[in-house]
Amino acid sequence: MLLIDCPWCGPRDDSEFQYGGEAHKRRPPAPDQVSDAVWADYLFHNQNPKGLYLERWRHSAGCRRWFNIARDTVSHAVLEVYPADALPSNAAARAVYEQNWRRENEAAANAAAVAETTEIGA
Amino acid sequence: MSAINRGVRALKNSAKRYSLAALARNAFNGHNQWTEAWRNAKPREAYDVVIIGGGGHGLATAYYLASVHGIRNIAVLEKGWIGGGNTGRNTTIIRSNYLWDESAALYEHALKLWEGLSQDLNFNLMFSQRGVLTLAHSEHEMKEMSRRVNAIRLNGIDSEVLNPMEIKALVPIIDINPGLRYPVMGGFLQKRGGTARHDAVAWGYARAADDFGVDIIQNCAVTAIRREGDQVTGVETNQGFIKAAKIGCVASGHSGVLAAMAGLRLPIESRPLQALVSEPIKPVIDTVVMSNAVHMYISQSDKGELVLGAGTDAYNSYAQRGSLPIIEHMLEAAVELYPIVSRVRVLRTWGGIVDTCPDASPIISKTSIKGLYFNCGWGTGGFKATPGSGHVFADLIARDTPNAIAAPFALSRFESGHLIDEHGAAGVAH
């Protein structure tokens with residue numbers, strides 16, 4: 001049983017919440033143009049760490065708002081609760097965010113988009 | 001389908017073979033001369049194949065590599081004690097009543113191996129084909145069930161639809177009052193389904209594999225997977241480096257941790273799954289009854305304990321414990337369906353970490369790294385498949401090519417989109 005500190009309603013039992021899996025996942029902006037491997041990464045290949053995990057939760061039986069938490073999957077300790085559109089401020093949680101292989105994918109996608117824009121521009 | 005190659009029988013001419021003669025001989029010696037069932041091996045420098053994970057699936061893989069494929073230079077590495085993970089934590093249910101052809105082939109392969117496995121292994125697995133009954137609680141579920149039964153029968157697997165009166169005759173303690181919140185509208189029965197003693201499955205495979213020379217190494221945790229280029233070379237463990245050109249990962253809830261060591265991504269979420277047993281009572285139920293809608297399944301052990309299975313927690317965890325609301329939810333359903341259990345006390349509850357897959361079907365696959373194979377993703381229902389899983393995985397490792405049964409379960413299905421959606425046939429939603 002987790003005690004989750006909803007940013008709007010305060011601490012409540014986890015049975016009031018809905019789990020949303022990995023946080024900070026970005027949907028490929030043009031799914032029909034990405035490779036099957038990239039689409040599979042988005043759909044199926046979630047992080048499943050033994051340790052600190054950044055995950056989405058929704059207070060579905062309360063304020064019904066989404067937010068993120070940084071939680072340890074072994075001790076279940078919640079390190080930080082933070083808004084859905086923000087990054088964690090805790091240093092360990094920030095490191096987990098940065099070490100996720102999705103950041104490399106995103107950087108590659110951005111580089112490709114920039115290259116394409118330049119090409120069109122030329 | 002051709003006959004299954006069950007391999008060379010274990011302990012055939014061994015002095016260690018369990019038999020009436022052995023029992024009599026040992027009785028005269030005051031039962032002081034029984035030999036250990038398997039050696040407590042120390043790791044050697046190198047093996048042909050290293051299996052990571054000493055649960056039922058890993059031990060079965062090692063056994064079939066030895067008995068069917070003649071590969072005997074094998075180590076099974078187990079970070080704790082063999083059978084101490086999900087093999088010793090499940091509710092021991094065996095069945096093969098899945099919807100899709102791919103699953104039917106895999107689970108029926110396993111069920112056929114179960115039939116006769118005690119003889120193959122010379123170990124009493126207490127395999128009991130007491131039948132598995134699955135309940136339907138709504139019109140929609142009845143229709144869905146009829147469709148599934150037809151699909152199952154077309155695959156040559158036994159299944160029959162029962163009405164509430166037939167269910168009452170089979171399970172006298174069930175309440176079929178139509179006024180229940182989730183009334184029993186009907187169900188379907190696989191008579192060849194049943195249960196087995198889960199610990200005995202691990203011990204039986206371990207003993208038989210050991211007789212073929214397989215080293216079973218306990219308290220041996222893998223810390224890294226080494227490779228040169230795209231070929232594996234061995235594993236680092238807390239007992240030193242072990243060289244191997246082929247590595248089979250069969251680590252259930254920890255598969256993702258192993259995959260990360262090799263830089264691979266698996267579509268797996270690790271979740272706690274819980275079960276419990278009651279205090280022992282006199283025999284009241286001689287079959288297995290499952291209900292997907294209310295999320296509980298029940299059988300009775302030979303000791304008299306009611307064995308009840310619950311659902312998974314909704315969030316990822318490696319804690320090997322689940323939360324109480326899941327247990328409460330399952331017990332509510334148990335008390336409504338079987339009113340006589342309302343005053344029976346819970347003896348103990350426990351959890352195991354299962355590796356759930358997006359399509360509720362397992363992964364039996366090669367990887368992009370040569371010599372590295374994964375057998376995982378069995379989620380909430382791997383025990384029933386133990387012999388079949390080991391049999392096809394051994395075949396994959398030995399030949400480096402998936403056979404017809406294993407091929408649909410390759411990792412590539414998550415890119416190609418050929419998912420095998422068995423959420424309806426999995427006992428537990430995830």
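The values are calculated or read from the model by the stated rules, or taken from the named source; none is laboratory data. Everything numeric in this text was worked out from a predicted model, so none of it was measured. Cβ atoms come from the backbone with ideal geometry, glycine included; neighbour counts cover every protein chain shown. Areas reflect the complete protein model, heavy atoms only, side chains present, ligands, DNA and RNA absent. Shrake-Rupley method; radii C 1.70, N 1.55, O 1.52, S 1.80 Å.
Computed values, structure above
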{"read-out": "Cα-based shape type of chain B, given that a ≥ b ≥ c are square roots of the gyration tensor eigenvalues and the cut on a/c is 1.5", "value": "prolate"}
{"read-out": "Kirkwood Rh and Cα Rg combined as Rg/Rh, region A:3-121", "value": "1.04"}
{"read-out": "Debye-sum result for region B:149-300 in log10 I(q)/I(0), which assumes one identical scatterer on each alpha carbon, at q = 0.09, 0.10, 0.13, 0.15 Å⁻¹", "value": "-0.56, -0.66, -0.91, -1.01"}
{"read-out": "Above-threshold pairs, the threshold being 30 Å between Cα atoms, out of A:Lys50/B:Lys143; B:Lys112/B:Lys366; A:Lys25/B:Lys246", "value": "A:Lys50/B:Lys143; A:Lys25/B:Lys246"}
{"read-out": "Tilt relative to chain B, helix B:198-211 - C-alpha long axis, 0 to 90 degrees, to 10", "value": "20"}
{"read-out": "DSSP bridge orientation in chain B - percent antiparallel, rounded to nearest 5", "value": "70"}
{"read-out": "Neighbour cut-off at most 14 other Cβ (10 Å), DSSP loop, trypsin sites (Lys or Arg not before Pro), region B:328-430", "value": "B:Arg345"}
{"read-out": "For chain B, the longest site-free run once chymotrypsin sites (Phe, Trp or Tyr not before Pro) in DSSP loop states with at most 14 other Cβ atoms within 10 Å are removed", "value": "B:82-430"}
{"read-out": "Backbone N under 20 Å from the A:Glu98 label point (7 Å along Cα→Cβ), restricted to region A:50-66", "value": "A:51-55"}
{"read-out": "Extended-chain gain in nm, criterion 0.36 nm per residue less alpha-carbon gap, B:Thr35 and B:Arg153", "value": "37.9 nm"}
{"read-out": "Solvent-accessible area per residue for region A:3-121 (1.4 angstrom probe, square angstrom)", "value": "55"}
{"read-out": "Between region A:68-122 and region B:213-271, the Cα center-to-center distance that results, in Å", "value": "28"}
{"read-out": "Cβ-based net charge around B:Asp215, under 13 Å, with every Lys or Arg adding one and every Asp or Glu removing one", "value": "-1"}
{"read-out": "DSSP-defined beta bridges in the protein assembly as shown - what % are antiparallel, rounded to 5", "value": "75"}
{"read-out": "Compactness index (Cα Rg / 2.2 N^0.38 Å), the protein assembly as shown", "value": "1.01"}
{"read-out": "Over 24 Å (Cα to Cα) - which of B:Lys79/B:Lys243; B:Lys16/B:Lys42; B:Lys282/B:Lys384 fall in this group", "value": "B:Lys282/B:Lys384"}
{"read-out": "Interface area, B with A, accessible, probe 1.4 Å, both sides summed, Å² nearest 100", "value": "2000"}
{"read-out": "Shielded by partner chains, region B:240-287 residues - at least 40 Å² of accessible area, 1.4 Å probe, vs chain alone", "value": "B:Arg265, B:Glu269"}
{"read-out": "Neighbour cut-off at most 16 other Cβ (10 Å), DSSP loop, trypsin sites (Lys or Arg not before Pro), region B:212-319", "value": "B:Lys303"}
{"read-out": "Angle between chain B longest axis and helix B:386-399 axis [Cα atoms, degrees, rounded to 10]", "value": "30"}
{"read-out": "Percent carbon-and-sulfur accessible area, region A:3-121, ignoring ligands, DNA and RNA, probe 1.4 Å", "value": "51"}
